[in-house]
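Worksheet for the structure shown next.
Bear in mind these aren't lab numbers, they're just calculated from the coordinates by the rules spelled out. For clarity, every value in this text was computed on a predicted model and none was experimentally measured. Counting neighbours? That spans all protein chains shown, and the Cβs are built from the backbone with ideal geometry, glycine included.
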Amino acid sequence: MKPEKEYLDEQLILLITEYQTLAEGTLGYRSMTMVINRFNSTNYSLNYIHRLMKLSNNQARIRRKKVNRKAYKPEQIGENTLNREFTAHYSNEKWCSDVTEFKIPNSNKKLYLCAIKDLYDKSIVAYKMSNRNSNYLVFKTFDLAMEKNLGATPIFHSDRGFQYTSIVFKAKLDEANMTQSMSRVGRCIDNSPIESFWGTLKSEMYYGVQIKDEQDLRNRIDNYIDYYNNHRLQSKLKSLSPNEVRYQTLNENSIFNYF
């Protein structure tokens with residue numbers, strides 16, 4: 001008869017393998033620990049799950065290093081108002097945004113993704129995709145975020161991409177009574193929350209994944225952002241998903257404002 005500890009290790013390895021398969025190899029040991037503890041009413045430590053994942057070769061895919069983009073002359077520049085103060089006290093207090101690119105398999109084309117992230121609940125409040133990295137892509141993403149969050153007036157932080165430094169975009173922010181904030185030159189860390197999201201998204205649904213064509217890539221991005229917002233647990237959110245926190249806090253504020 002096997003010792004109880006050995007039997008427990010084997011059962012947990014089976015569970016880890018099952019979750020990793022369902023997540024297509026995207027769960028690191030922190031995420032795996034949260035998933036196991038939340039959905040099995042357990043309290044296993046990070047070190048224990050980490051050891052079992054290494055033992056069973058259930059490690060997550062590794063992220064690739066970002067390639068720097070070309071410089072250009074901006075139309076206007078905003079101050080770094082956010083100043084790496086990434087902590088927010090409520091939803092729609094601070095947003096950050098950026099554009100990233102994907103190579104489309106079996107073609108010479110690229111797909112560009114623009115997203116806006118809320119720094120309080122970590123949710124992606126809006127996103128759009130396009131085959132062109134253009135002002136239109138960023139403007140439509142911003143418009144969608146405003147449609148979903150009427151009356152929101154967050155600090156809006158971005159890098160110095162040509163879309164965000166355009167006079168037209170500044171006018172859109174002014175019309176919405178938003179404060180513009182921009183990263184300093186060559187300081188990706190000033191916009192690290194959205195950079196972190198790009199790294200997570202690409203390591204979990206893009207790198208090392210067999211993607212057939214552009215439509216398959218678009219579908220995977222749609223599905224991943226839905227998963228990230230509604231199902232991906234985060235330790236900084238007390239093992240809740242971004243939208244669980246977002247809907248809870250927005251509803252609380254709505255009730256408070258009613259009374």
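Assorted remarks:
- With only Cα atoms counted, the range 4-55 has Rg and Dmax values of 10.0, 30 Å.
- Mean sequence separation of contacting Cα pairs (under 8 Å, at least six apart), scaled by the length of the range 4-55, corresponds to a relative contact order of 37 percent.
- The order of the peptides 177-187, 6-16 by mean Cβ neighbours within 10 Å, most packed first, is 177-187, 6-16.
- Count Lys and Arg as plus one, Asp and Glu as minus one, and take only other residues whose Cβ is under 13 Å from that of His157; the net charge is then -2.
- Computed helical MRE - 222 nm, the chain, DSSP H runs ≥ 4 contributing -39500 (n - 2.57), nearest 500: -14000 deg cm²/dmol
- Nearest-20 debye value, the range 4-55 charge dipole, Cβ charges on Lys, Arg, Asp, Glu: 260 debye
- Checked against a 20 Å cut-off, the cross-linked pairs Lys94/Lys236; Lys170/Lys202; Lys140/Lys172; Lys103/Lys202 give Cα-Cα distances beyond that limit for Lys170/Lys202.
- Local electrostatic count, Val125, Cβ distance below 10 Å [Lys/Arg +1, Asp/Glu -1]: +1
- Option label - volume of the Cα convex hull per residue in Å³ computed here, alternatives [x] 144; [y] 153; [z] 130: [x]
- Just checking the listed ones, Asn80, Asn58, Asn47: in the Gaussian network model of the chain with Cα springs under 10 Å, the one fluctuating most is Asn47.
- Highest to lowest packing among 105-117, 150-162, scored as the average C-beta count within 10 Å: 150-162, 105-117
- Rounded Å value of the spacing that divides the Cα centres of the range 85-110 and the range 144-220: 4 Å
- Taking 15 Å as the cut-off, the amide N atoms of the range 198-213 that come nearer than this to a point 7 Å along the Cα-to-beta-carbon line of Lys236 belong to 198-201.
- Förster radius 35 Å - calculated FRET efficiency between Thr21 and Ser134, Cβ distance, rounded to 0.05: 0.35
- Across the range 94-253, the relative contact order, built from alpha-carbon pairs under 8 Å that are at least six residues apart, equals 21 percent.
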